[in-house]
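The values are calculated or read from the model by the stated rules, or taken from the named source; none is laboratory data. Computed from a prediction, not measured in an experiment: that's the story for all the values here. Here Cβ is always computed from backbone atoms with ideal geometry, including for glycine, and neighbour counts include all displayed protein chains. Accessible surface is based on the protein model in full, side chains and every heavy atom, while ligands, DNA and RNA are left aside. Shrake-Rupley method; radii C 1.70, N 1.55, O 1.52, S 1.80 Å.
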Amino acid sequence: MADTITVNETAYPTPDDPRVSLLDFLRQHIGLTGTKKGCDHGQCGACTVIVNGVRINSCLTLAAMHDGDSVTTIEGLGTPDEPSALQRAFLEHDGFQCGYCTPGQICSATAMLEEIAADWPSDASENLEGRIAISGEEIRERMSGNLCRCGAYANIVAAIEEVAAGGRS
Amino acid sequence: MRPFQYTRAPSLAEASNMTAGKDTLAIAGGTNLLDLMKLQVETPDQLADINRLGFAEIEDTDNGGLRLGALATNTETAVHPRVRSDYPVLSRAILAGATQQLRNKATNGGNLCQRTRCFYFTNIDQPCNKREPGSGCGAIDGIAKLHAILGTSDQCIATYPGDMAVALSALGATVHISGDKGERSVPVRDFHCLPGDTPWIENVLEPGEIITGIVLPAPVGGTQIYRKVRERSSYAFALVSVAAIIELTDGKFSRADLAFGGLAHKPWHDPRVGECLLGQPPSDALFDKAADILLENARGFGENDFKIPLTRRTLHAVLSQATEDAA
């Protein structure tokens, strides 16, 4: 059977050319252009997608390596009519200006909230064990792989804080 | 990226066969290798994907230690309950490196094998004895802020960039390796090489050898600290880092396992530094003596001259903090 990648619950055959990154596969082979190419070197986070439940840089992995994997992109998180909680919060808090980094920011933050829920520590955590206390410092550290050249960071953190607080209440 | 053939290695033995030649490289997480392939620093004819060969487990060893599968991700390692409780210096070191997205993909074996971030190595228009033997070293009289102050040669002043291996060095971990001649294990402290006249040789892996795991000895307790000094507070390589496992008994040092990142072509472990502390009560003079020993042969290259006093101060800060925490 041919290798397939499942993206937002639809299965697609993997590309023939092994050079195709997961990012280029999403954008150019199956037309899901929500995921963005920024640096193409894993430094900016614009290409962040969620693979088998964890966030990764789709530019630094080959599509051919993902046979059987399940990928969630920004298109799989919500729609204009039914945005996810984070998508709505980014709108309400002006968590962007140009919007180019936003799909990566939101995919990253979506997975990050799961990591906090699982009490995975970060470099900013005072303790390695026990519950993680959500704070601006924690969010900034955990989101350091997503750059925003417009500098909308304050509003991005506010949007994530709001959703994180909701999830804990 | 240059064209290459992609093959999913069907077995560890086959992966060894494939990578025994120069033209095939093993790929695990790929976060460093694919980056270097895009830059054409690496131009393999074939990639052998080893991701589905197993050895991704993290499991207890018979003597109370912990075996970290080479294909376990950095994240899986850093958040593992036993790593967090028994080897906190390792969790801290991993969490201080890269970003969550990269740590989620990067593997333990790949982390050990990652290449330097020297600007001359990663730019194919620049001279680099590591990338192109005999072409010269651009960094020695060039942009050298990130570069080494210990163990350098006139061929190469690059640093090993990782954090994880610095903690593994302090912990005295062992690298398990499989190849066509069988299996062997190498202490992490001996795994990486100094540049010497062969800066392209970065570790002891022979062609066809693949890391299968990293074994941590039984936990030693103590106060464990990983202190990383960098130019911004997240997602930056270490200028200087210190991994420390410190214990005081009756007010005197009874354990002082120390390793340093950002200083050399390998995680730096000089047993004399810890030994000079043992049996002594903490004092500023003692910490200075430890720094004197560590930096005895340190040499700056202009832009990185600051690393010498910075290392002294970082060691001082870590020992002061450890002493207070342990008291």
Notebook entry, point to check: How would you classify the stretch B:5-46 from its alpha-carbon gyration tensor, with a ≥ b ≥ c the square roots of the eigenvalues: rounded for a/c under 1.5, else prolate if a/b is greater than b/c, otherwise oblate?
Noted result: prolate
Next item on the list: Give me the distance between the Cα centres of the stretch B:272-327 and the stretch A:43-121, rounded to whole Å.
Entry: 43 Å
Check: What ³J(HN,Hα) values, in whole Hz, does the Karplus curve 6.51 cos²θ - 1.76 cosθ + 1.60 give for the stretch B:172-178 when θ = phi - 60°, with x put for Gly and Pro?
Finding: x, 6, 10, 8, 9, 10, 10
Checklist line | Relative contact order for chain B, counting Cα pairs under 8 Å that sit 6 or more residues apart, in percent | finding: 17 percent
Notebook entry, point to check: Which of B:TYR160, B:LEU95, B:CYS137 sits closest to the plus end of the dipole of the stretch B:92-200, meaning its Cα is farthest towards the positive end, when Lys and Arg get +1 and Asp and Glu get -1 on the C-beta?
Noted result: B:LEU95
Note to self: Assuming 0.36 nm per residue, please report the length gained on full extension of the stretch A:GLN28 to A:SER135 beyond their Cα-Cα distance.
What the structure shows: 34.7 nm
Checklist line | From phi via Karplus (6.51, -1.76, 1.60), per-residue ³J(HN,Hα) for the stretch A:74-81 in Hz, x at Gly/Pro | finding: 4, 5, x, 8, x, 10, x, 7
Next item on the list: Taking 7 Å along the Cα-to-C-beta vector as the label spot, tell me the A:ASP94-B:ILE143 distance in nanometres, rounded to one decimal.
Entry: 3.5 nm
Item checked: Point-to-point label distance, B:ARG313-B:GLU57, nm (Cα→Cβ direction, 7 Å offset) -> 4.8 nm
Next item on the list: Return P(r) of the stretch A:85-168 (all Cα-Cα pairs; 10 Å bins starting at 0; whole %; ordered from short to long distances).
Entry: 19, 55, 23, 3
Notebook entry, point to check: Given the options B:ALA243, B:ALA298, B:ALA167, which has the most mean-square fluctuation in a GNM of chain B, springs set between C-alpha atoms less than 10 angstrom apart?
Noted result: B:ALA298
Note to self: To the nearest 20 Debye, how big is the dipole of the stretch A:4-77 about its Cα centre, given +1 on the beta carbon of each Lys and Arg and -1 on that of each Asp and Glu?
What the structure shows: 280 debye
Check: Which residues in the stretch B:203-224 have a backbone N closer than 15 Å to a point placed 7 Å from the Cα of B:ALA20 along the Cα-to-Cβ line?
Finding: B:206-210
Next item on the list: Compute the signed sum of charges (Lys and Arg +1, Asp and Glu -1) over the other residues within less than 14 Å, Cβ to Cβ, of B:ARG184.
Entry: -4
Margin query: I want the local charge near B:ALA93. Using Cβ-Cβ distances under 12 Å, sum +1 for each Lys or Arg and -1 for each Asp or Glu among the other residues.
Written below: +2
Item checked: the protein assembly as shown - convex hull of alpha carbons, volume per residue in Å³ -> 152 Å³
Next item on the list: Report relative contact order for the stretch A:4-77 in percent, whole number only (criteria: Cα-Cα under 8 Å, sequence separation at least 6).
Entry: 41 percent
Check: Taking the Cα centre of the protein assembly as shown as origin and charging only Cβ (+1 Lys, Arg; -1 Asp, Glu), how large is the dipole, in debye to the nearest 20?
Finding: 740 debye
Next item on the list: Would you work out if the stretch B:240-303 is rounded, prolate or oblate? Take a ≥ b ≥ c from the square roots of the eigenvalues of the alpha-carbon gyration tensor; rounded if a/c is under 1.5, else prolate when a/b is larger than b/c, oblate otherwise.
Entry: prolate
Checklist line | Rounded to whole Hz, the Karplus (6.51, -1.76, 1.60) HN-Hα couplings of the stretch B:11-24, x for glycine and proline | finding: 7, 5, 4, 5, 4, 5, 4, 5, 8, 5, x, 5, 8, 10
Next item on the list: Take peptide A:39-46, look around each residue's Cβ out to 10 angstrom, count Cβ atoms belonging to other protein chains, and average those counts.
Entry: 4
Notebook entry, point to check: Considering every residue in A:127-138, what mean count of other chain Cβ atoms within 10 Å of its Cβ is obtained?
Noted result: 2
Notebook entry, point to check: In whole Å, how far is the Cα centre of the stretch B:69-89 from that of the stretch B:193-230?
Noted result: 16 Å
Check: Extension gain B:ASP325-B:THR43, at 0.36 nm per residue separation less the Cα-Cα distance, in nm?
Finding: 96.6 nm
Next item on the list: Take the Cα coordinates of chain B, assign each an equal point scatterer, and use the Debye formula without solvent to give log10 I(q)/I(0) at q = 0.09, 0.16 Å⁻¹.
Entry: -0.46, -1.41
Next item on the list: Return the value, in Å² to the nearest 100, of accessible area buried between chains A and B (probe 1.4 Å, both sides summed).
Entry: 3200 Å²
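When the helix-only estimate is applied to chain A (DSSP H runs of n ≥ 4, each -39,500 (n - 2.57), divided by the residue count), what is the mean residue ellipticity at 222 nm, nearest 500 deg cm²/dmol?
Working: 5 runs with 51 residues, N = 169.
Theoretical 222 nm ellipticity from helices: -9000 deg cm²/dmol.
Carbon and sulfur atoms: what percent of the 1.4 Å accessible area of the stretch A:4-77 do they account for?
Here it works out to 42 percent.
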Item checked: Relative pair counts by distance (%), Cα atoms of the stretch B:36-147, 10 Å bins -> 12, 33, 28, 21, 6, 0
Next item on the list: Give me a single rounded figure for A:50-63: the average over its residues of other chain Cβ atoms within 10 Å of their Cβ.
Entry: 5
Margin query: How large is the Rg to Rh ratio of the stretch A:4-77 when both quantities use alpha carbon positions and Rh follows Kirkwood?
Written below: 0.91
Margin query: Can you give the FRET efficiency to the nearest 0.05 for B:ALA236 and A:ASP81, using r as the Cβ-Cβ distance and R₀ = 30 Å?
Written below: 0.15
Next item on the list: Taking a cut-off of 23 Å between Cα atoms, list the lysines near B:LYS130, but don't count ones fewer than 8 places away on the same chain.
Entry: B:LYS22, B:LYS38, B:LYS145, B:LYS266, B:LYS307
Check: How compact and how long is chain A, expressed as Rg and Dmax of its alpha-carbon atoms in Å?
Finding: 16.0, 49
Next item on the list: Provide the net charge surrounding A:TYR100, with neighbours chosen by a C-beta distance below 14 Å and charges set as Lys +1, Arg +1, Asp -1, Glu -1.
Entry: +3
Item checked: Shape category assigned to the stretch B:211-327 from the gyration tensor of Cα positions, a/c cut at 1.5 -> oblate
Next item on the list: Assign unit charges at the C-beta atoms only (+1 for Lys and Arg, -1 for Asp and Glu), then state the dipole size of chain B relative to its Cα centre in Debye, rounded to the nearest 20.
Entry: 660 debye
Item checked: Area of B:ARG103 that stays accessible when all protein chains are in place (1.4 Å probe, Å², to 10) -> 10 Å²
